[in-house]
Amino acid sequence: MTRKIVLTIKEKLMAAAALFIALFGFIITCGSIAGPRNPGETFLSNAILTILVGLLPMALGIWLFVRTRRIAKQRRSQESEKEILRYAQEKGGRITAAELALLSSYTPEAARIVLESCTSRGFCARKIAENGTFVYEFPELLSEEEKRSSKHVFEA
């Protein structure tokens, strides 16, 4: 069910900046470890300088890159959920994995997995058709007739 995460321009810039910062930190760290020592410098001053100028930027760059990827993945997940809801609404609030696969870029197996995920999170209910096919029903997606015939909360 792995779908390619497409980064926005902002996310691409953030990832590039993160990699640049991490690379800068890595180069500085390598240089301070392998570089020549001045007679007046102590081990402690070299260690502090390496940590501040090398390791911290490297850690910051890695953290920023991972965070950017996580944000992009969350965004993609939200877009996928909206896409599924849109297709389910087109089908009257009920959809099968095969229908979702036909309408979207999901494979049949990926469509089944993502619909099962929606079921386990309570977004839809899984029912079974007479031929044994699972039908996923999204009860909050009402038809226009159901919306018109709805009653006030206090009338129910």
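Both numbers refer to the Cα atoms of the chain; Rg and Dmax are 26.3, 88 Å. Basic side chains Lys and Arg get +1 at the Cβ, acidic Asp and Glu get -1 at the Cβ, and with that the dipole of the stretch 7-76 about its Cα centre reaches some 640 debye. Dipole of the chain (Lys/Arg Cβ +1, Asp/Glu Cβ -1, origin at the Cα centre): which of Ala18, Ile71, Phe123 lies farthest to the positive side? Of Ala18, Ile71, Phe123, it is Ala18. Taking a straight Cα-Cα cut-off under 17 Å and skipping sequence neighbours fewer than 8 places away in the same chain, the aspartates and glutamates within cross-link reach of Lys82 are Glu90, Glu99, Glu116, Glu137, Glu140. The loop-placed GluC sites (Glu not before Pro) in the stretch 1-99, going by DSSP, that have at most 12 neighbouring Cβ atoms within 10 Å of their Cβ come out as Glu41. Net charge dipole, the chain: roughly 440 debye, given to the nearest 20, about the Cα centre with Cβ charges of +1 for Lys and Arg and -1 for Asp and Glu. The trypsin sites (Lys or Arg not before Pro) of the stretch 71-154 meeting both criteria, a DSSP state outside H, G, I, E and B (loop) and at most 11 other C-beta atoms within 10 angstrom of the site's C-beta, are Arg121, Lys151. Taking label points 7 Å from Cα along the Cα-to-Cβ direction, Asn131 and Ile71 give a separation of 4.6 nm. Among the listed pairs Lys12/Lys91; Lys91/Lys151; Lys127/Lys151; Lys73/Lys147, those with a Cα-Cα distance over 28 Å are Lys12/Lys91; Lys73/Lys147. Calculated FRET efficiency, Ser120 to Phe154, Cβ-Cβ distance, R0 = 41 Å: about 0.75 to the nearest 0.05.
Can you name the helices of the chain, as whole DSSP H runs, whose Cα span along the helix axis is 24 Å or more and whose Kyte-Doolittle mean is not below 0.5? Before the final figure, lay out the partial values.
On the way: long enough: 9-34 (37 Å, 1.69); 56-90 (51 Å, -0.65).
Going by DSSP H runs, the hits are 9-34.
Rule-based calculations on the coordinates, nothing more; no lab input. Just so you know, these numbers come straight off a predicted model, no measurement behind them. Virtual Cβ from ideal backbone geometry, glycine too; neighbours counted across all protein chains shown.
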